[in-house]
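The values are calculated or read from the model by the stated rules, or taken from the named source; none is laboratory data. From a predicted model like this one, the values you see are computed outputs, not experimental measurements. Because the Cβ atoms are built from the backbone with ideal geometry, glycine has one as well, and the counts that use them run over all protein chains shown.
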Amino acid sequence: MTAAMFRIYDVSLDRSLSSRNAHLAREQAIAVDDLLEYNTFAPVGHEGGPYCLDLALADARLALQITTEQGAHVVRHHLSLTSLRRLFKDYFLICESYNDALTRPNPQRLAAIDRGRRAVHDDAAELLRKRLAPTVTVDKNTARRLFALIYALIADRYPASVPEAPQPGMRRLCAGAGIGICMEAARAEQSQ
């Protein structure tokens, strides 16, 4: 069996999850693209894929429908998002802090915010790995990418907590200091 057999080749989102906010739609697209680019995804007890992952939100639960490339059902898993609520809130607050920090650029403050974002992202990825373990095994980076995607999906419900896209001058300042935030930062961090 090869690594290509234990990976996600396609992600589809419930139409109700598509964002009406252009920034959030971009965040979702980045999250999906990153997840598809590099991932390790092995449903427990299944001989191999690759797999298609369908995501849908229902109340405080995320429904994951996993099928093979040929469309054969593998497993359906409902993940309560309650245990991730605090981490989502922390992540939203960090993004909001970043947005506020952009009005008074300070590379040290932006770097501190980015370190906080990474720490929350790591904690969320580890919790997500544990919560998915009975159904599917994922590596740390795949869990990080899944958290980023789930964050992008849920962020549409809390638009006040999602930072606006930085202006071009601010983007250069942040990039010059090696700082990013939310999906763009997560993407740069994951490619290293």
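The table below lists the values:
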{"quantity": "Total residues in segment 73-115, condition touching a residue at least 24 places away in the same chain (Cβ under 8 Å), farther than 26 Å from residue 133 by Cβ and among the small types (Gly, Ala, Ser)", "calculated": "1"}
{"quantity": "Number of the exception - residue 34 against (1) of a type outside the set (Phe, Trp, Tyr); (2) at pLDDT 85 or above; (3) surrounded by fewer than 19 Cβ atoms within 10 Å (Cβ to Cβ); (4) under 21 Å from residue 95 (Cα atoms)", "calculated": "(3)"}
{"quantity": "Test result for residue 49, of a type outside the set (S, T, N, Q), farther than 21 Å from residue 127 by Cα and modelled with pLDDT of 85 or more", "calculated": "no"}
{"quantity": "Flag if residue 70 is assigned to a helix (DSSP H, G or I) and either in contact with a strand residue (DSSP E or B) (Cβ under 9 Å, 6 or more places away or on another chain) or without any contact (Cβ under 8 Å) to a residue 24 or more places away in the chain (or both)", "calculated": "no"}
{"quantity": "Lone unmet requirement of (1) part of a loop (DSSP other than H, G, I, E, B); (2) surrounded by 15 or more Cβ atoms within 10 Å (Cβ to Cβ); (3) in contact with a helix residue (DSSP H, G or I) (Cβ under 7 Å, 6 or more places away or on another chain) for residue 46", "calculated": "(3)"}
{"quantity": "Helices (runs of 4 or more DSSP H) completely within segment 90-181 that count 3 or more residues being over 20 Å from residue 32 (Cα atoms), modelled with pLDDT under 85 and out of contact with any Lys or Arg (no Cβ under 6 Å at 6 or more places or on another chain)", "calculated": "168-176"}
{"quantity": "Test: residue in segment 13-28 that is modelled with pLDDT of 85 or more, more than 15 Å from residue 149 (Cβ to Cβ) and more than 16 Å from the chain's Cα centre (by Cα)", "calculated": "no"}
